[in-house]
Amino acid sequence: MSAIYILWLRQLKRYLRSRSRIIGSLGQPVLFLVALGFGFGPTFQKAGQGNYIQFLVPGIVAMSVLFTALFSGIEIIWDRQFGFLKEILVAPVSRMEIMIGRTIGGATVAMIQGTIVFAISFLAGFRPPSAGNLAFAFVFMFLTAVLFTALGTAIASKLEDMQGFQLIMNFLIMPLFFLSGALFPVDSLPGVLKMVVAINPLSYGVDGMRGALGGITHFGLSTDFAVLSIMAVVILAVGSYLFSKIQL
Amino acid sequence: MNNSIIDVKHLTKKFKDFVAVNDISFAVTKGEIVAFLGPNGAGKTTTIKMLTTLLVPTSGSVRLSNSDVVSHQEETRRTFGIVFQDPSLDDELTAWENLEYHGVLYGVEKNIRHGRIEELMKFVELWDRKNALVKTFSGGMKRRLEIARGLLHHPKIFFLDEPTIGLDPQTRNHMWNYVVNLNKKENITIFFTTHYIEEAEKVAQRIIVIDHGKIIATGTPKELTIKTNSKTLEEAFLKYTGHAIRDESVSSADAMRARRGMWRHH
Ligand SMILES: Nc1ncnc2c1ncn2[C@@H]1O[C@H](COP(=O)(O)OP(=O)(O)OP(=O)(O)O)[C@@H](O)[C@H]1O
Ligand SMILES: [Mg+2]
C-alpha cells in the first residue's frame, strides 16, 4: 500500500512542478469547447437537440482526460531513459503495486486536468443540474482516467523510445475521441458507426459523464459503469504482467 | 543449503547471438568484499543486472541469501542495495525526496527512515542541499546521493557498479572508508566493479577477473600478482586481459554510453 502511495505522490509532485505541462495541455480542450460549442450550438439547438454546450462539455472533459491519461504513459519511457526505472524495478514491491501506483498517479493528474476543463466550461455557460450530479460525473471521470492511464502505461512498458509511443498515441487518440459520441449524439449514427462507437471504451466514459450530468445516456449508466470498471481491471492486470517482463 | 550469500552457477546471458556472459560460476561468502574486474564490455554490468533481477539469465542460476533470483524475486530484492553504473535518480525530485521515496518503497519505518536519511546525507555531505532538486546537482553529488540511497534500507549485500565514476580522489577515499567500515561493523557483503586498480587493491579481499564473458582468474590481490609473476596488480590485470584496466581508447561500450548520456540531457 505504501508503495502505491509513494508512486502516486511522486507523479503528483512532478506534475505540479511542471506548470508548462498544465497550461499547455489545456489549449486543445478549450479550443474545441469554444469553436465547436459556439460554432455548432445554434444549429444543434435549431435541430431540437437542446443546448449544445450542455451536451458538449462532458465530451470535452472526457477528451482532456483521455489525452492526459494516455500520454502519462510516456513517463515510463522518460524513467527508462533517465534511469529511474531501474530504481523502481529493483525495489521489493510487486509489479501489480507498481502498475497500480503509476496508474492512480497518472489518473489523478488526468482528473485535475478534467476538473480545470470543467471549471473553464462554466465560463462558457455550462451548468450542471446540481452539485450531486457533478460529483456523480466525477465517478465516471475517475474510471475513464484509470482505464486510459493504465492503457497508456501498459503500452509504454513495451516501448523504448518516445517516437514510437507518440506514433501509437497519434494513431489511437483521434479515432478514440471522434468515434466516442463526445461531439455528437450516437443515436442518429448509421449502424456500422454505432458498432464502432460501442466497442470504443471512451464512449462509455462520455456517456456516463453525460448521463450523470442529467443528459440522455445511450448505453445506460449501469452499463457505462460496468464496462469501464471491468476494462480498467483487465488492463491493469495486463499492465502488471507486462511490467513483470521488463528487462533493462 | 550453504553459507555463500551469493551463489552463481553456470550463468549465461545471450543477446541474440552475442554471448555477453558465458557460463560463469562463483560464490561470495557473507561479509566478503569482492572486486569484479574486467575491461570495457567484459560482461560485468550484465552479470550484476542478472544478480539483481533486472535481467533474466539465458541459463544458469543465481541465489542470493539462498533465494533464487528468478523464482523468488521479491525476497531477493529485499536483500541487496545497489549503485547502478548509469544514473538512476529522479532529477525532478529533491535529494531528500529521492531518499524518502526509496525508504518507503523498501518499507523502512518512518522514524528509523528519517534518522537514517539524515545520517547518510550528512555522511555524503549533501545534508545542506537536501531540499534542492537533483537536476541542480553536479555529477559527483548525484553519485554520492545514489550511494547513500543504496544503503538506506540496511541491505545485506551491496552491489556497486563503478560507484566512484565521476568522483574526485578525496571523495573516493572517503566513500571507500565508509563502505569498508560498514562491512566491518555490520558485516555487509560488498560486490563492486571499478576501473581504478588501486581501489580493488586497497578495498577488495578477493578479486574476480572477467573477460569476454568468462571468468579468467580469481584470488586475493596478492595471489593474482604472484601467480602472474607481476610487480603490481595493474600488471597482473594487463597480463590476464591484454588490456590496461583503464582503457584510454574509446571502446564501443564507452561510445554507446556517451550516446545514451546525450539522450539523457535532452
Ligand atoms: N541490452 C543489450 N543488448 C545487446 N548487447 C548488450 C546489451 N547489454 C550489454 N550488451 C553487450 O554485452 C557486453 C557486455 O556488456 P557489459 O555492460 O556487461 O560490460 P561491462 O563489463 O560492464 O563494461 P564496462 O566496463 O564498459 O561497463 C558488451 O559487448 C555489450 O555491448
Ligand atoms: Mg559496466
Exercise. Having 3 or more residues that are more than 10 Å from chain A (Cβ to nearest Cβ) is the bar; report the strands (runs of 3 or more DSSP E) wholly within region B:28-109 that clear it.
Key: B:33-37, B:59-64
Quiz prompt | Hits in region B:124-176 - residues which are in a strand (DSSP E or B) and either hydrophobic (A, V, I, L, M, F, W, C) or touching a His at 6+ places or on another chain (Cβ under 8 Å) (or both) | solution = B:Leu133, B:Ile157, B:Phe158, B:Phe159, B:Leu160
Quiz item: Which of the residues belonging to region B:137-179 are hydrophobic (A, V, I, L, M, F, W, C), in contact with a strand residue (DSSP E or B) (Cβ under 7 Å, 6 or more places away or on another chain) and either away from ligand 2 (no atom under 16 Å from the Cβ) or at positive phi (or both)?
Solution: B:Ile147, B:Leu151, B:Ile157, B:Phe158, B:Val179
Quiz item: Restricting to region A:225-248, what's the tally of residues that are more than 14 Å from chain B (Cβ to nearest Cβ) and outside any helix (DSSP H, G or I)?
Solution: 0
Quiz item: Here are A:Arg127, A:Arg102: which of them is in a helix (DSSP H, G or I), away from chain B (no Cβ under 11 Å), within 23 Å of the chain's Cα centre (by Cα) and basic (Lys, Arg)?
Solution: A:Arg102
Quiz item: Does at least one position in region A:96-117 carry a residue that is in contact (Cβ under 8 Å) with a residue 60 or more places away in the chain, surrounded by fewer than 19 Cβ atoms within 10 Å (Cβ to Cβ) and more than 30 Å from A:Leu248 (Cα to Cα)?
Solution: yes
Exercise. Could you pull out the residue among B:His195, B:His266 that is assigned to a loop (DSSP other than H, G, I, E, B) and either at pLDDT 95 or above or surrounded by 14 or more Cβ atoms within 10 Å (Cβ to Cβ) (or both)?
Key: B:His195
Quiz item: Is it true that A:Ser222 is farther than 21 Å from A:Gln54 by Cα, among the hydroxyl-bearing types (Ser, Thr, Tyr), within 14 Å of chain B (Cβ to nearest Cβ) and in a helix (DSSP H, G or I)?
Solution: no
Quiz item: Would you say B:Lys9 is more than 24 Å from B:Thr164 (Cβ to Cβ), within 14 Å of chain A (Cβ to nearest Cβ), away from ligand 2 (no atom under 16 Å from the Cβ) and assigned to a strand (DSSP E or B)?
Solution: no
Quiz item: All but one of (1) among the β-branched types (Val, Ile, Thr); (2) buried (at least 22 other Cβ atoms within 10 Å of the Cβ); (3) under 30 Å from B:Val134 (Cβ atoms); (4) more than 16 Å from ligand 2 (Cβ to nearest atom) hold for B:Thr79; which doesn't?
Solution: (2)
Quiz item: How about region A:17-57: which of its residues are aliphatic (A, V, I, L, M), in contact with a helix residue (DSSP H, G or I) (Cβ under 8 Å, 6 or more places away or on another chain) and either within 25 Å of B:Leu105 (Cβ to Cβ) or assigned to a helix (DSSP H, G or I) (or both)?
Solution: A:Ile22, A:Val30, A:Leu33, A:Leu36, A:Ile53, A:Leu56, A:Val57
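Can you spot a residue in region A:173-183 that is of a type in the set (A, V, I, L, M), touching a Gly at 6+ places or on another chain (Cβ under 8 Å), crowded, with 20+ Cβ neighbours inside 10 Å and outside any helix (DSSP H, G or I)?
Looking for residues that are of a type in the set (A, V, I, L, M), touching a Gly at 6+ places or on another chain (Cβ under 8 Å), crowded, with 20+ Cβ neighbours inside 10 Å and outside any helix (DSSP H, G or I), one finds at least one in region A:173-183, hence yes.
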Quiz item: When the residues of region B:218-249 are filtered to those that are within 24 Å of B:Lys14 (Cα to Cα) and more than 19 Å from the chain's Cα centre (by Cα), which remaining residue is modelled with the highest pLDDT?
Solution: B:Tyr240
Practice problem: Could you please give the count of residues in region B:158-170 that are surrounded by fewer than 22 Cβ atoms within 10 Å (Cβ to Cβ) and either of a type outside the set (A, V, I, L, M, F, W, C) or under 24 Å from B:Val62 (Cα atoms) (or both)? | Solution: 6
Quiz item: Only one of (1) over 14 Å from the mean Cα position of the chain (by Cα); (2) surrounded by fewer than 22 Cβ atoms within 10 Å (Cβ to Cβ) is not met by A:Asp224, so which one is it?
Solution: (2)
Quiz item: Do we find a residue being more than 16 Å from ligand 2 (Cβ to nearest atom), under 20 Å from B:Ile188 (Cα atoms), surrounded by fewer than 20 Cβ atoms within 10 Å (Cβ to Cβ) and free of Cβ contacts under 8 Å to residues at least 60 places away in the same chain anywhere in region B:30-52?
Solution: no
Practice problem: Please find, among A:Glu160, A:Glu87, A:Glu97, the residue that is among the acidic types (Asp, Glu), over 20 Å from the mean Cα position of the chain (by Cα) and part of a loop (DSSP other than H, G, I, E, B). | Solution: A:Glu160
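Condition check: within 30 Å of A:Lys158 (Cα to Cα) and either among the β-branched types (Val, Ile, Thr) or crowded, with 24+ Cβ neighbours inside 10 Å (or both). Does A:Ile22 satisfy that? Full working, then the answer.
On the way: within 30 Å of A:Lys158 (Cα to Cα): yes; either among the β-branched types (Val, Ile, Thr) or crowded, with 24+ Cβ neighbours inside 10 Å (or both): yes.
In short, yes.
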Self-check item: All positions within region B:12-27 that are within 14 Å of chain A (Cβ to nearest Cβ) and away from ligand 1 (no atom under 11 Å from the Cβ)
Solution: none
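The values are calculated or read from the model by the stated rules, or taken from the named source; none is laboratory data. Remember, predicted model here, so these are calculated numbers, not experimental data. Backbone-built Cβ (ideal geometry, glycine too); neighbour counts: all protein chains shown.
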